[in-house]
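Any read-out appearing in this document is the output of simple, stated calculations on the displayed coordinates, not a laboratory observation. All figures in this text were calculated on a predicted structure; none of them were measured in a lab. Cβ placement follows ideal geometry from the backbone for every residue including glycine, while neighbour counts extend to all protein chains displayed.
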Amino acid sequence: MNSKRDSHKTLGRILDAATQPLVAILISLLLGAVVILIIGKNPVAAYGEMIRGAFGKRVYLMNTLKRATPIIMGGLAVCIAWRSGYEAMGGEGQMILGAMAAALAAYYLPLPGALRILAALLAAAVVGALYSMLSGWLYEKFDVTFVISTLMLNYIANYFAAYLCNYPLRDPEANVYQMQNAQTGKIPSFATLPPIIKGWVHWGFVLALLAVFITWFLFSRTTFGYKSRMGGLNARFALYGGISPRRMLYLVMILSGLMAGLGGAFEALGSKGRYVDQMIFSTGYAWSGMVAALLAGMNPVGTAVASILLAGLAVGGSTMMLNMSIPLEVCNIIEGIITLLMSVKLVRIAASNRKARKAAKGGEAA
Amino acid sequence: MIFEMKHITKTYGKVVANDDVSLHLNRGEILAIVGENGAGKSTIMKILYGLEKPDSGEIVVGGKPCRFRNPSDAMAAGIGMVQQHFMLFEPMTVAENIVFKNEVRRGPFIDRAKTLETVEALSQRYGLKIDPGARIADCPVGLRQRVEILKILYQNAEIIIFDEPSAVLTPLEVEALLETLRSLAAAGKSIVLITHKLQEVMAVADRIYVMRQGRVVAERLASETDMNELAVLMVGHPLASYDIGRPLTGETLLETRDLCLTEGGRDVLRRISLHVDAGEIVGIAGVSGNGQSDLVSCITGLRSPTSGTVTVCGRDVTGRPVREIRDAGLAHIPEDRYIWGSAPEGTLEENTLMGKQDEEPFSSRGIVSQKEIRHYAERLIGDFAVKAASSQQKMRELSGGNAQKLIVARELSLGTPVIICCEPTRGVDIGAMESIHRRLLRRRGEGAGILLVSSELTEIMNLSDRIYVIFEGQLVGEFPRGSMDDRRLGLLMVGGTLADEQ
């Protein structure tokens, strides 16, 4: 009886939490439909095409999952940081450096087979974590807000990586006159993340799901999860209760950066087989990850589901573009509107928090 | 009769907050509604003020049935409310805050001169002295409250509701507030006073409703009742008086030596040396804002003192992290339950776990045991009679008194030798206050050393074995129990000396 009521409550809570994301998706699809109508196409057919192109065939589905892999990792990075109260947006930079580190390690390190993959993943994790720690350090020492530091560091990472693959570490076999993005050397196939089965998605996706599980476990079953959540809910309460804010800041930043860095590695090792200039920046993986995390309310499992949907939107969108000559930008519009609608919530939460803090302060001053 | 509420019923889920409540208010009357936390007095006023809608029942204002969808509707009907937490813009002036939303205009512009004039006139008419040009940020709490009242008067309210107005005030400010209430009533305004401070009720109210468990259980004229009767009606049983007995003092558990704190060139704490021994409650009396919070922050590790030492159970913990100080044997009931003492959006389980998260059986090697955490939370909720639907509900869903009980439960259950206890009963009803006091006395009997910081002088005098008086960051006196009366302590608290008495 009791457990039945509890499960009822859980269901209710999930529905509650899902209301806004569902509404956000619905509204953005409707607005997307309006855009499609304006360019004189049938939105129902277009969306049908999009769904088919994302999930309709195995090849399509695998493409979607491949694209979802770095998005999931970027989403987890956001979940970890934001749930703890640090609104960091440095996933992109960490992912870029992670991809670069993995591509270089897998190309240059003279290690046999699986060991080389491990070393590449490790390099990506370490680089991502360090880069993330840097913004944590800027915050702790100089009070640089996360939004500013992480966004700026993203540019630095992207152009630094661009420099590396354009000049000192450019693929030695590349044709100088080729009209394509600069890239690093091609990783030997034994050092890439292979498909699970031929024609399927690469192992990076499985590792991403493992990361989802680990994050879920961290959040719900460990003292780290408890401490970071308390820090996110009320930093002063956490301090009062003996949780060291400094320790939590760095732990959270390390974990978050590690996830993003690995996301970059999965893309470099599983998908591209090298670092290609702008491969993370132009695809917006990290931002899609952020949208996914927002949609899921910082729940890791939900983030994975939302990531796959967003990846489907992009992959299905290109099919839609090809078959119905609807510009891919429609998909960007849809994702943009979702972001906007979810950030409305974020702003509202931030505003109400500020209000509550202020009101509470009035009481404290007494 | 200026308004009447008939047969109001309001439920939240399964909880009946108001059960067939009927009450009325006469013109020029001060009506008090007293009751414990959760008795439903705030709910009934929220309904009257348009913040909540009743499930059933009727509100009649000035002979007409009314339905308020929001506070603006209520305000339009002449009902204003002074909330516990003030809604003022700190960087703006008193006058600007008062006329907010109804500015005095000249064309499209705000007429500043006229604004000041209007506000000045308003303040004189009701005898509420303020400086219209002062910035809110520079005003003490008592003045801010006065600004709130003027804001409501400016909007021509005929009925003014005060929700626990004295909770945030110093004793002197309370006197001024009571005077204000009387003069407002004399000017023909009708006042509803929600409180659980019976002294204030007896001092100003004409008529009193007592609420218990969502119902009105008694209506009395102030001239026909006394504090004892009201207290019994409120809690449903007679109150215990405190005879705390002789302290069994033992070794010194908490000691500070020459503790100083300088902030922005200002001496916040000046050479504070105090000690708390096993088995005693030591009170710190003072008008709030004289360094009590800073002293507690320095002892508990929330801040580092500039100089001096803090010793807990023989360990020098000066400037050490909170974790280390707590491990040395200290618990801390913080002065503000929502800012420091809890995560309002967290569950009761999460809130009771704080401080024990790294201990067996709640966690081992970093993995938490949800079962143990739930059992523990449920045990504390039961032991301390916290009114809660489930250990998984959110902290903010508890009433203030129950939230406080849970925090006290958490800290006392740590079983530490030293307990720092700040404003343990602020905004808490008599029943909860009594139970919190009893728990503190029990811990004292078990040999704990308790440092009690409270702006309620009666609380300090009732519970303490020894009292320090703090004024402007300095201890200006130390007295054993019973050697001082409240008048003389009050004098020291505001910077006087005992020689000033004559």
task = List, in the order given, every pair from B:LYS64/B:LYS101; B:LYS197/B:LYS356; B:LYS101/B:LYS189; A:LYS57/A:LYS272; B:LYS10/B:LYS189 whose Cα-Cα distance in the structure shown is over 25 Å.
result = B:LYS64/B:LYS101; B:LYS197/B:LYS356; B:LYS10/B:LYS189
Added length on full extension, which subtracts the Cα-Cα distance from 0.36 nm per residue, B:TYR12 to B:GLU58 = 14.7 nm
query = Considering every residue in B:332-338, what mean count of other chain Cβ atoms within 10 Å of its Cβ is obtained?
reply = 4
remark   = Among B:VAL312, B:ALA137, B:MET5, the residue whose Cα sits farthest towards the positive end of the charge dipole of chain B (+1 at Cβ of Lys and Arg, -1 at Cβ of Asp and Glu, taken about the Cα centre) is B:MET5
task = Could you sort B:302-309, B:333-340, B:69-76 so that the peptide with the highest average Cβ count within 10 Å comes first and the rest follow in order?
result = B:333-340, B:302-309, B:69-76
message = What aspartates and glutamates does B:LYS53 reach when the alpha-carbon gap must be under 20 Å and sequence neighbours fewer than 8 apart in one chain are set aside?
response = B:GLU4, B:ASP19, B:ASP20, B:ASP73, B:ASP163, B:GLU397
ask   = Given +1 on the Cβ of Lys and Arg, -1 on the Cβ of Asp and Glu, and no further charges, what dipole in debye does the protein assembly as shown carry about its Cα centre, rounded to the nearest 20?
value = 3040
inquiry  = Need one value for B:315-323: mean number of C-beta atoms belonging to other chains within 10 Å of its residues' C-beta atoms.
reply    = 2
request  = Report the net charge of residues surrounding B:ALA113, where surrounding means a beta-carbon distance below 15 angstrom and charges are Lys +1, Arg +1, Asp -1, Glu -1.
outcome  = -1
ask   = Taking the mean number of other Cβ atoms within 10 Å as a proxy for protection, how do you rank A:180-190, B:454-464, B:402-412 from highest to lowest?
value = B:402-412, B:454-464, A:180-190
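Taking the mean number of other Cβ atoms within 10 Å as a proxy for protection, how do you rank B:199-210, B:418-429, B:18-29 from highest to lowest? Before the final figure, lay out each step's value.
Details: B:199-210: 19.9, B:418-429: 24.3, B:18-29: 17.8.
Listed from highest to lowest mean packing, they are B:418-429, B:199-210, B:18-29.
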inquiry  = Need one value for B:351-364: mean number of C-beta atoms belonging to other chains within 10 Å of its residues' C-beta atoms.
reply    = 3
query = Charges only on Cβ, +1 for Lys and Arg, -1 for Asp and Glu: so what's the dipole of the stretch A:20-361 about the Cα centre, in debye to the nearest 20?
reply = 1040
query = Under 5 Å between amide H atoms, partner at least 5 residues away or on a different chain: which partners does B:GLY308 have, H built in plane at 1.01 Å?
reply = B:CYS260
task = Note down the magnitude of the dipole of the stretch B:275-381 about its Cα centre, charges +1 on Lys and Arg C-beta and -1 on Asp and Glu C-beta and zero elsewhere, to the nearest 20 debye.
result = 160
